[in-house]
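Here's the structure, in structure tokens; my notes come after.
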Amino acid sequence: MRVLAIESSCDETAAAVLDEGAGLLAHAVFSQVDLHRVYGGVVPELASRDHVRRLLPMVEQVLAEAGPAAPGGAPAPVDGVVYTAGPGLIGALLTGAALARSLAYAWGVPALGVHHLEGHLLAPLLEPEPPAFPHVALLVSGGHTMLIDARGLGAYEVLGETRDDAAGEAFDKTAKLLGLPYPGGPLLARLAESGRDAGLRFPRPMLGREGLEFSFSGLKTAVQQSLERAAPGSLRPQDVAREVEAAIVDTLVDKSVRALEQTGYDRLVVSGGVAANARLRARLDAAVGSRGRRVYYPRLAFCTDNAAMIAVAGLARLAAGERDDLAIAARAQWPIGSLGVPGGQRAADGSPAAE
Ligand code: KG4
Ligand code: ZN
């Protein structure tokens, strides 16, 4: 089975072709960051319009790179089309959903709406040594921060999540205070590399406490106050960045280790944009590895939004016989705990899963 996957949930346009036997044949990502940077964040309407411009040429590109499905060229270039159906910006989601559903209809193949976060969770399955189930998943992106008990494909129980800002959001908001352009997370991480211990100490609200919840909104306030109170030129941005990163990483490491202890699992899977952070990776490897356990990550390119991860999730479900009807399914909100195992019943109204 071969699938075309489309991702358009936020500010990345992406397409990929994944073959059950031959693996990932092609993938492409276009990031809209330059378009949104002047506004300091993603402008939904601009995102949708840019997806409309770029999606079809990108689909043609990945299909050409993947080559014909069967020798001599099969009637359809793929056996199914999968797409991000949510959660995300509704207008942006609809651009990919409408294209994917229409292509599947025209080719006479099934279409399937995929949960964006299930895509992130399954991205490490594209690596040479994929993690087995069950495992604990730490999902850290710009919009989400959660610890998940992943018992099997589609069997996800949220163990804890953030009460306010997501980890990526905390990186981006504090980076903005330091004058870094949007999205500041990776830039703050780079700045932190040359930082020193300047005696700063930002709050780590949930650290050392029972439970698997996170809270990052106090960090932004603490950084803002430090910057306001400091005498001009007395606080080096690199040192602030270093302590911001340390506060976020300390919390993520502490809660991930707790989740492993609570579940008794020996595998931790880390995914989402913040999984690209080098300090987080080093600290998790040390903390988890030292307890005889192992951490799995997607390759850097598949930490942030991409269509290869949507292809993995979609292919697993299509291969299990899961199908959508002809409705164009997109939903801004979609709790991951409501996903069923592959091949399970879909909601009668055509939505990808029951609420
Ligand atoms: O998963 P993703 O591409 O998009 C969402 O679904 O949200 O994650 C993007 C987030 C942004 O907040 C970005 O600043 C953050 O991931 N990020 C990083 C790094 N690379 C990306 N944060 C810290 N260090 C990094 N190296
Ligand atoms: Zn994402």
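The values are calculated or read from the model by the stated rules, or taken from the named source; none is laboratory data. Predicted model only: the values in this text are computed from it and were never measured. Ideal geometry is used to build each Cβ from the backbone, glycine not excepted, and the neighbour counts take in all protein chains shown.
Here the condition is being within 16 Å of ligand 2 (Cβ to nearest atom), under 22 Å from Glu210 (Cα atoms) and touching a helix residue (DSSP H, G or I) at 6+ places or on another chain (Cβ under 8 Å); of Val274, Val269, Val312, Val288, it holds for Val269 alone. Annotation note: of Ala76, Ala22, Ala69, Ala92, the sole residue that is more than 16 Å from ligand 2 (Cβ to nearest atom), hydrophobic (A, V, I, L, M, F, W, C), farther than 20 Å from Gly108 by Cβ and outside the structural domain of Glu169 (by TED's automatic domain parsing) is Ala22.
Restricting attention to region 14-31, the residues that are buried (at least 20 other Cβ atoms within 10 Å of the Cβ) and within 13 Å of ligand 1 (Cβ to nearest atom) add up to 1.
Okay, residues lined up against (1) on the phi < 0 side of the Ramachandran plot; (2) within 16 Å of ligand 2 (Cβ to nearest atom):
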position: Gly208; (1), (2): no, no
position: Glu213; (1), (2): yes, no
position: Gly218; (1), (2): yes, no
position: Gln224; (1), (2): yes, no
position: Gln238; (1), (2): yes, no
position: Ile248; (1), (2): yes, no
position: Gly292; (1), (2): no, no
position: Tyr297; (1), (2): yes, yes
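Take Ser102 and tell me if it is within 12 Å of ligand 2 (Cβ to nearest atom) and either at positive phi or among the small types (Gly, Ala, Ser) (or both). Walk me through it before giving the result.
Working: within 12 Å of ligand 2 (Cβ to nearest atom): no; either at positive phi or among the small types (Gly, Ala, Ser) (or both): yes.
When the stated conditions are applied, Ser102 does not pass them.
Does Leu284 satisfy the criteria of being in a loop (DSSP other than H, G, I, E, B), surrounded by fewer than 23 Cβ atoms within 10 Å (Cβ to Cβ) and at pLDDT 90 or above?
Numbers: in a loop (DSSP other than H, G, I, E, B): no; surrounded by fewer than 23 Cβ atoms within 10 Å (Cβ to Cβ): yes; at pLDDT 90 or above: yes.
No, not satisfied.
Taking into account only those residues within region 170-189 that are within 6 Å of ligand 1 (Cβ to nearest atom) and within 17 Å of the chain's Cα centre (by Cα), which is modelled with the lowest pLDDT? Within region 170-189, the match that is modelled with the lowest pLDDT is Pro183. Given the options Leu46, Leu138, Leu56, name the one that is away from ligand 1 (no atom under 16 Å from the Cβ), touching a residue at least 24 places away in the same chain (Cβ under 8 Å) and among the aliphatic types (A, V, I, L, M). From the options Leu46, Leu138, Leu56, the qualifying one is Leu56. Of the strands (runs of 3 or more DSSP E) lying entirely inside region 70-165, those carrying at least 2 residues that are within 21 Å of Gly23 (Cα to Cα) and in contact with a helix residue (DSSP H, G or I) (Cβ under 6 Å, 6 or more places away or on another chain) are 80-86, 111-115.
Taking the stated definitions as given, is Asp11 surrounded by fewer than 13 Cβ atoms within 10 Å (Cβ to Cβ) and within 16 Å of ligand 1 (Cβ to nearest atom)? It is false that Asp11 is surrounded by fewer than 13 Cβ atoms within 10 Å (Cβ to Cβ) and within 16 Å of ligand 1 (Cβ to nearest atom). Checking each residue in region 237-253 for being surrounded by fewer than 19 Cβ atoms within 10 Å (Cβ to Cβ) and either out of contact with any helix residue (DSSP H, G or I) (no Cβ under 9 Å at 6 or more places or on another chain) or acidic (Asp, Glu) (or both) picks out Asp239, Asp250. If you scan region 23-54, which residues turn out to be among the small types (Gly, Ala, Ser) and at pLDDT 95 or above? Residues satisfying the conditions are Gly23, Ala26, Ala28, Ser31, Ala47, Ser48.
Does Pro183 satisfy the condition of being in contact with a Ser or Thr (Cβ under 7 Å, 6 or more places away or on another chain), over 30 Å from Ala316 (Cα atoms) and not in a helix (DSSP H, G or I)?
Numbers: in contact with a Ser or Thr (Cβ under 7 Å, 6 or more places away or on another chain): no; over 30 Å from Ala316 (Cα atoms): yes; not in a helix (DSSP H, G or I): yes.
For Pro183, the condition - in contact with a Ser or Thr (Cβ under 7 Å, 6 or more places away or on another chain), over 30 Å from Ala316 (Cα atoms) and not in a helix (DSSP H, G or I) - is not met.
In region 274-291, the residues that are outside the structural domain of Ala247 (by TED's automatic domain parsing) never reach a residue that is at pLDDT 95 or above and away from ligand 2 (no atom under 16 Å from the Cβ) with C-beta atoms less than 8 angstrom apart, at least six apart or across chains.
Filter region 225-243 for residues that are touching a residue at least 40 places away in the same chain (Cβ under 8 Å) and assigned to a helix (DSSP H, G or I); which is farthest from Ala192 (Cα to Cα)? It would help to see each step written out before you state the result.
Let us first name the residues in region 225-243 that are touching a residue at least 40 places away in the same chain (Cβ under 8 Å), namely 227, 236-243.
Checking which are assigned to a helix (DSSP H, G or I) leaves us with 227, 237-243.
Values: Leu227: 16, Pro237: 8, Gln238: 5, Asp239: 7, Val240: 8, Ala241: 5, Arg242: 4, Glu243: 8 Å.
Only one residue fits best here, namely Leu227.
For region 95-109, a residue qualifies if it is touching a residue at least 60 places away in the same chain (Cβ under 8 Å) and surrounded by 20 or more Cβ atoms within 10 Å (Cβ to Cβ), and the qualifying residues are Thr95, Gly96, Ala97, Leu99, Ala100, Arg101, Leu103.
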